[in-house]
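Notes follow the structure.
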Protein chains: 2
Amino acid sequence: MPRAAYIQRKVATFDIISEEGLCLIEENADRILRDVGMVFQNDPEILDYFREAGADVDGETVRFEPGMCRRIIQASAPREYIQHARNPDNNIVIGGDNTVLSPVYGPAFVHDIDRGRRYATLEDFRQLNRIHQMIPYLHHCGGIVCEPVDVPVNKRHLDMMLSHIIHGDRALFGALIGSERAEDSVAMVKILFGDDFVDRNTVLYAVSNTNAPLVMDDAMSGSLKVYARNNQAVACTPWMITGAMSPCTEAGTLAQLLAEALATCALTQLIRPGAPCLMGSFATAMSMQSGAPTFGMPEAAKTVLAAGQLARRLGIPFHTVGSLTSSKVPDSQAQQEGTMSLVMAVLAGANFINHATGWLEGGLCTGYEKTIIDADLCGKLIRFCEGLDLSENAQALDAIAEVGPGQHFLASRHTLENFETAFYRSMVGDANSFEQWQGEGSLETAQRANRIWKNLLAEYQPPPLDPAILEELSDYVERRKASMPDRDY
Amino acid sequence: MPRAAYIQRKVATFDIISEEGLCLIEENADRILRDVGMVFQNDPEILDYFREAGADVDGETVRFEPGMCRRIIQASAPREYIQHARNPDNNIVIGGDNTVLSPVYGPAFVHDIDRGRRYATLEDFRQLNRIHQMIPYLHHCGGIVCEPVDVPVNKRHLDMMLSHIIHGDRALFGALIGSERAEDSVAMVKILFGDDFVDRNTVLYAVSNTNAPLVMDDAMSGSLKVYARNNQAVACTPWMITGAMSPCTEAGTLAQLLAEALATCALTQLIRPGAPCLMGSFATAMSMQSGAPTFGMPEAAKTVLAAGQLARRLGIPFHTVGSLTSSKVPDSQAQQEGTMSLVMAVLAGANFINHATGWLEGGLCTGYEKTIIDADLCGKLIRFCEGLDLSENAQALDAIAEVGPGQHFLASRHTLENFETAFYRSMVGDANSFEQWQGEGSLETAQRANRIWKNLLAEYQPPPLDPAILEELSDYVERRKASMPDRDY
């Protein structure tokens, strides 16, 4: 399958609620914004933006007249935009019928079947960068592909950005937490792309999570401001364990989710009209036994499908999450939950899918084998999104007539001409007979995946990078790290 | 989750091709039926039916004028019908927005993690019957849940039917191969339900596979005739490994599939107008390396979604297949492939999904643990099909106002009132922390599933059955078995 910069979907979205239902959710979101409002903590500058725009600011609570946030967003937020990569072949178009798949974000632990589960290190980070770069079905470098816990917390973002730039040539994430780290991300991409280019073009993607219900803290609003001011993309993503951080019903969760997304997307446009923003959705149920979050469940599926519909009506790109699971290992639970989750994200018409590969253990851990197994699903879904070919060749009427009843198509001209590209070729699945499989050692999927990521690492070649730029970036990182004491927060 | 007799879907189907595309496929199917025709082997009676109806019969090849089969089907085939179970609470409505989930069909081997893979026996058959009966997410007894290889081939159908009737009280399959075994199936349900009841009502479900391309042999047409004559349901199901038995393109496969389904469905209506028939679809890609069939692949997904659309336009119920995989064990490949496959069958609007649980190794094997893991997915999809509740309670506006920004919903009145039914509760998934999971023995999903099927067997109680009927059935089986020599075909 050819390596493409992003998916251009030729299949429909799956719409789970009616027009009437969507209007109801939108009305409820407006009522929440008018009657309850949203709290922006410790950030008076943001309150000023909202006050100037005509919102009702009461302490740190901001309330909005119905329709106000939607009008602000629709007046200037782009329906789609380009995120530039350092290799222009990897530029991605975010929005419309396009989908971008990005690897796992945020885990503190890594897992592979040789070494088990352990704290992640900067070396894991670099290995994952290399593996991701080799996977043809990913479209984005990702961000915190794992937490390099051997680096002080306040300096990790510098090493991570440098590692991404060195090891991959796809589009980049900016650091999410705090204005200072966001400024570092912008400074580094300015070295990479040039100051003017960065101001005129989007080269960074960032997620801004709310603290549901209805709160955004200054760590998030701080980085949001930096990215919006610099014309970089922000996916405004309410983060909800439903039943704890939102009602335990989908309709209630959706209204709250939309309210939070509307207020935070509007903020990006008040800071810099026209800066790219996405409506994000991360809503998952919890276990009724333990209160632990669960993933790939039917409630999450329904919610993400409806959230996609709401984003399309709002007219901005839709961000959500991919192959999620609470399994601790790359076993059948992991794939049942992850497949439900990623398939639904794709059917929801998501324009950006974070955590498309590698997620384990509710996001606390990423797996080397899980990455490969998930990547295979990404490949399948990329193929699915191509839709159904109705060309004369695909109709194959002549072939059916030529072969005739009771014969086989294996040696037919049509099959020989189409065979090589006809079917998706699985990276890790084993379709052989039991006897062949047994003869090859009775390997489970994770064992085959283990060989594959090792092969990818062995075959990996770093993409070319101007040595002068690399030196400047390395100097920046060194200088910044030397300028501050180590901190673990 | 309450045990329901079948799924009444409140979500839409996922339509992958346009009206225009559907018309094209239909036109191509008509051209195939007119120009190539379909061969019915060794069954002159069937040729007479077709000749009388006005088809062009040339040797064993039958050709049809465009639209002819469709007209025959639409004149009498029911859009939906009831299949009666011996427990009327388990009667199922097949057609419309309803979906019935049925376990695996046909495997010669069984697998569990204690004993590995081995030939299936009658005792396995009975154990699987008991497990299926205990699973709340299945709606049908199924048929050959495994091949009891310790019973002579020509007598298995008798022991299997008796085991189904003894161990379960859901709706039944009839034996698929040959008129004699079909007659035995009908005779046995007549003992169970009464002669008149069986003639007036549908109590058996059977699949009639073509030998693609465009052939039906007398083993299949023989049983098809028996069931149709007796007003029992036949799912006319072209069985295709694409690239071998149909073109390696979806559009070509769909036209051939529709042609075969049209001819065989029409046959049921010529035999007995009004007898229930379904359009079936079983089309899967193959490995380009080995020629082995593959499952859960994107091409199969697209094909089943389009086949569902074609069946709805034809106006009869749609039959397809569920959680398929070529994996040899219940690992992550099994669930990635199986989940893709079952999710797509549900989104295709299938009215009957065969092999919804337990399939391994391309259908050669069924797994005890796989059955449990798949059943969990069935439960999730049943919940998904309930759609998105938009009631005032689900909207939860008061709860959102009451809780307010930055607080949590765990103790809110709304959560307490809705908590117990709010979320699907996974049978086999583990959402606990790594430490809890480790403390409980670091079990993989298959190990937890192993405990579950053993618990189900321990808790199993046979449903009540009139001893006089049981005696009559046992006598019938004994008499029929004594009447013929053992045969291994």
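The values are calculated or read from the model by the stated rules, or taken from the named source; none is laboratory data. No experiment lies behind these values; they were computed from the predicted model shown. So basically every Cβ, Gly included, is an ideal-geometry build from the backbone, and we count neighbours across all protein chains shown.
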Problem set entry | Residues located in segment B:100-114, provided they are within 12 Å of another protein chain (Cβ to nearest Cβ) and surrounded by fewer than 18 Cβ atoms within 10 Å (Cβ to Cβ) | B:A108, B:I113
For this session: Looking at (1) buried (at least 22 other Cβ atoms within 10 Å of the Cβ); (2) farther than 24 Å from A:P276 by Cα, find the lone condition where A:R117 falls short.
Result: (1)
For this session: With the condition kept exactly as written, say whether any residue in segment B:49-56 is loosely packed, with under 14 Cβ neighbours inside 10 Å and among the basic types (K, R).
Result: yes
For this session: With respect to A:F50, determine if the residue is touching a helix residue (DSSP H, G or I) at 6+ places or on another chain (Cβ under 6 Å) and aromatic (F, W, Y).
Result: no
Problem set entry | Flag for A:F384 being aromatic (F, W, Y), touching a Cys at 6+ places or on another chain (Cβ under 9 Å), within 28 Å of B:E337 (Cβ to Cβ) and buried (at least 21 other Cβ atoms within 10 Å of the Cβ) | no
Exercise. Only one of (1) under 36 Å from the mean Cα position of the chain (by Cα); (2) at pLDDT below 95; (3) not in a helix (DSSP H, G or I) is not met by A:F419, so which one is it?
Worked result: (3)
Problem set entry | Candidates A:T237, A:T210, A:T249, filtered to the one that is touching a helix residue (DSSP H, G or I) at 6+ places or on another chain (Cβ under 9 Å), over 26 Å from A:E147 (Cβ atoms) and among the polar types (S, T, N, Q) | A:T249
For this session: Among what's in segment B:9-20 and is touching a residue at least 40 places away in the same chain (Cβ under 8 Å) and surrounded by 15 or more Cβ atoms within 10 Å (Cβ to Cβ), pick the residue that is farthest from A:S18 (Cα to Cα).
Result: B:I17
Exercise. Inside segment B:266-305, can you point out the residues that are more than 14 Å from every other protein chain (Cβ to nearest Cβ) and either in a helix (DSSP H, G or I) or of a type in the set (F, W, Y) (or both)?
Worked result: B:A266, B:L267, B:T268, B:Q269, B:L270, B:I271, B:F282
Problem set entry | Residues satisfying the stated conditions in segment B:362-379, i.e. polar (S, T, N, Q) and not in a helix (DSSP H, G or I) | B:T366
Seminar exercise, completed: If you go through B:I373, B:I400, B:I353, the only one that is within 18 Å of B:L324 (Cβ to Cβ), β-branched (V, I, T) and facing chain A (nearest Cβ under 7 Å) is B:I373
Seminar exercise, completed: Selection from segment B:423-453 of residues facing chain A (nearest Cβ under 7 Å), of a type outside the set (S, T, Y) and assigned to a helix (DSSP H, G or I) yields B:F434, B:W437, B:A446
Exercise. Mind checking which pairs have a first residue in segment A:305-322 that is charged (D, E, K, R) and surrounded by fewer than 23 Cβ atoms within 10 Å (Cβ to Cβ) and a second that is at pLDDT below 95 and assigned to a loop (DSSP other than H, G, I, E, B), Cβ under 7 Å, 6 or more apart or different chains?
Worked result: none
For this session: Could you check how many residues of segment A:226-247 are touching a residue at least 24 places away in the same chain (Cβ under 8 Å) and either within 14 Å of chain B (Cβ to nearest Cβ) or charged (D, E, K, R) (or both)?
Result: 10
Exercise. So which residues in segment B:251-293 are out of contact with any strand residue (DSSP E or B) (no Cβ under 7 Å at 6 or more places or on another chain) and charged (D, E, K, R)?
Worked result: B:R272
Exercise. Looking at A:A399, A:A348, A:A411, A:A431, which one is touching a helix residue (DSSP H, G or I) at 6+ places or on another chain (Cβ under 6 Å), without any contact (Cβ under 8 Å) to a residue 40 or more places away in the chain and of a type outside the set (V, I, T)?
Worked result: A:A399
Exercise. Do we find that A:A263 is within 8 Å of another protein chain (Cβ to nearest Cβ), hydrophobic (A, V, I, L, M, F, W, C), assigned to a helix (DSSP H, G or I) and in contact (Cβ under 8 Å) with a residue 40 or more places away in the chain in this structure?
Worked result: no
For this session: Would you please name the residue that is farthest from the other protein chains (Cβ to nearest Cβ), looking only at residues in segment B:329-350 that are over 23 Å from A:K328 (Cβ atoms) and in a loop (DSSP other than H, G, I, E, B)?
Result: B:A350
Seminar exercise, completed: Exception for A:D218 within (1) in contact with a Gly (Cβ under 9 Å, 6 or more places away or on another chain); (2) within 10 Å of chain B (Cβ to nearest Cβ); (3) farther than 26 Å from A:N28 by Cβ; (4) surrounded by fewer than 24 Cβ atoms within 10 Å (Cβ to Cβ) falls at (2)
Exercise. Of these, B:C385, B:C378, which one is over 16 Å from the mean Cα position of the chain (by Cα) and more than 7 Å from chain A (Cβ to nearest Cβ)?
Worked result: B:C385
Exercise. When only residues in segment B:207-245 that are farther than 19 Å from B:L314 by Cβ and part of a strand (DSSP E or B) count, which is nearest to the chain's Cα centre (by Cα)?
Worked result: B:I241
